[in-house]
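Notes follow once the structure below has been shown.
The values are calculated or read from the model by the stated rules, or taken from the named source; none is laboratory data. Everything numeric here is computed off the predicted structure, so don't read it as measured data. Reconstructed Cβ throughout: ideal geometry from the backbone, glycine too, with neighbour counts over all protein chains shown. Protein only, heavy atoms only, side chains kept; ligands, DNA and RNA dropped before computing areas. Shrake-Rupley method; radii C 1.70, N 1.55, O 1.52, S 1.80 Å.
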Amino acid sequence: MNILLDYNLNELEKKIVEMNESKFRAKQIYNSLLSGIELDENTTLPKHLKESLLNYVWSPIKIYKTYEGDSATKFLYKLYDDNIIEGIVMYNRYGNTLCVSTQVGCRMGCKFCASTLDGLVRNLSCGEILGQVVAVNKFLGGDIKNRKITNIVLMGSGEPLDNYDNVIKFLEILTDENGFNFSRRNISLSTCGIADKIYKLAEDFSGIILTISLHSAFQNKRQEIMPIANKYDIDTLMKSVKHYEQKTGRRVVFEYTLINDVNDTIVDAKKLYEITYGIRCHINLIPLNYVKERGLKNSTNIEKFKEYLCKMGRSVTIRKSLGSEIEGACGQLRRKQLKEENDE
Ligand code: SAH
């Protein structure tokens, strides 16, 4: 698949020159691609070049269905090979945050998550991740200059650090000043904790907000709900997080989904306080989204858990469950769609 959104501007320029065209055409193509202007709608490119470009994939991802919630819109996208992924844009006071997927499915196997129920189908290419930003920005009436999305979170389906090279290239294009020109501080990358890739990220692309899906501060409990903890234990993970925090000077975020009778007691909160000691961080408590296949229940102890951590001086919020009324979470919408297609 020759997807044009997989190329950065330099690569596009090289390609265009190889096609015996003037270099400035690459910038015109880049502008159209990022604005979501289709090839046949393009009025700046000469006819012969448009014809040569028919050999390339111009929009690798199409919005297939939308679901409107109170302060969020949920999307199902279709990829060129008919795979389906999902995303959500949340309308906040400070702007619009788009949550992007990085893989079709996921192989991390977290016990509470719907994205990983069928394992990993495939990685998304850089252009397919970027295509989500392009499609939703256009949906909101934006283009490359007049951007309607202010924040990006890599928290959709998939594990971003398990698709490392494509994700780094996506981040580079996202922050390119000739393109969308996102600021690094408005981008969050959420990981289940692949420690060696966290060190690599600190070298390759620091400055974005690192978000760690922790979910338990006890190694034995974490191992039970997150298989990745067998490979990187809590000490190893926390060392890599501390390194990222020190190297980049950025506060890290810990995500902690509260599950009834699993990780929601004051003993759990105390341990969470202890292991985050000395790390500039914010703790985001997430009410569990019920996933039928998983059978786990939301905690009834969230307020007390928060109160304890606040009393101990931690910065803590409880995540508003935006979009849950439209199954806004974690692979549930995609599964619903696949099931409907199978039942037809
Ligand atoms: N693989 C990455 C990003 C995708 S998941 C990661 O693990 O961080 C995004 C966030 O949603 C993670 O914190 C994940 O643990 C959480 N999550 C997954 N399933 C959930 C559920 N059923 N309820 C609440 N949060 C969930």
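So for the range 271-278 (the condition being over 20 Å from the mean Cα position of the chain (by Cα), away from the ligand (no atom under 16 Å from the Cβ), farther than 21 Å from CYS110 by Cβ and small (Gly, Ala, Ser)), does at least one residue qualify? The answer is yes; a qualifying residue exists.
In the range 240-281, of all residues being open to solvent by 10 Å² or more (accessible area, probe 1.4 Å) and of a type in the set (Ser, Thr, Tyr), the one that is farthest from GLN223 (Cα to Cα) corresponds to THR248.
Based on this model, can you work out whether THR97 counts as within 16 Å of the ligand (Cβ to nearest atom), at negative phi, in contact (Cβ under 8 Å) with a residue 12 or more places away in the chain and surrounded by fewer than 21 Cβ atoms within 10 Å (Cβ to Cβ)? Give the derivation first.
Details: within 16 Å of the ligand (Cβ to nearest atom): yes; at negative phi: yes; in contact (Cβ under 8 Å) with a residue 12 or more places away in the chain: yes; surrounded by fewer than 21 Cβ atoms within 10 Å (Cβ to Cβ): yes.
Against the criterion (within 16 Å of the ligand (Cβ to nearest atom), at negative phi, in contact (Cβ under 8 Å) with a residue 12 or more places away in the chain and surrounded by fewer than 21 Cβ atoms within 10 Å (Cβ to Cβ)), THR97 qualifies.
Within the range 114-152, the set of residues being over 26 Å from LEU210 (Cβ atoms), of a type outside the set (Gly, Ala, Ser) and away from the ligand (no atom under 15 Å from the Cβ) comprises LYS138, PHE139, LEU140, ASP143, ILE144, LYS145, ASN146.
Among residues that are surrounded by 19 or more Cβ atoms within 10 Å (Cβ to Cβ), among the aliphatic types (A, V, I, L, M) and within 25 Å of LEU117 (Cα to Cα), LEU237 is included. If TYR256 meets every condition in (1) of a type in the set (Ser, Thr, Tyr); (2) more than 12 Å from the ligand (Cβ to nearest atom); (3) within 25 Å of VAL153 (Cα to Cα) apart from one, which number is that one? Tallying (1) of a type in the set (Ser, Thr, Tyr); (2) more than 12 Å from the ligand (Cβ to nearest atom); (3) within 25 Å of VAL153 (Cα to Cα), TYR256 fails exactly one: (2). For the range 252-281, a tally of residues being in a loop (DSSP other than H, G, I, E, B) and of a type in the set (Lys, Arg) returns 1. Note on the range 153-187: among residues that are among the polar types (S, T, N, Q) and either farther than 30 Å from PRO227 by Cα or within 15 Å of the ligand (Cβ to nearest atom) (or both), the one that is surrounded by the most Cβ atoms within 10 Å (Cβ to Cβ) is SER157.
Residue-by-condition table, conditions (1) open to solvent by less than 20 Å² (accessible area, probe 1.4 Å); (2) at pLDDT below 65; (3) in a loop (DSSP other than H, G, I, E, B); (4) away from the ligand (no atom under 16 Å from the Cβ):
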| site | (1), (2), (3), (4) |
| --- | --- |
| ILE283 | yes, no, no, no |
| LYS292 | no, no, yes, no |
| LYS304 | no, no, no, yes |
| LEU309 | yes, no, no, yes |
| GLY313 | no, no, yes, yes |
| LEU322 | no, yes, yes, no |
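Given the criteria within 14 Å of the ligand (Cβ to nearest atom), open to solvent by 20 Å² or more (accessible area, probe 1.4 Å) and not acidic (Asp, Glu), does ILE209 qualify? Taking the combined requirement at face value, the residue satisfies it.
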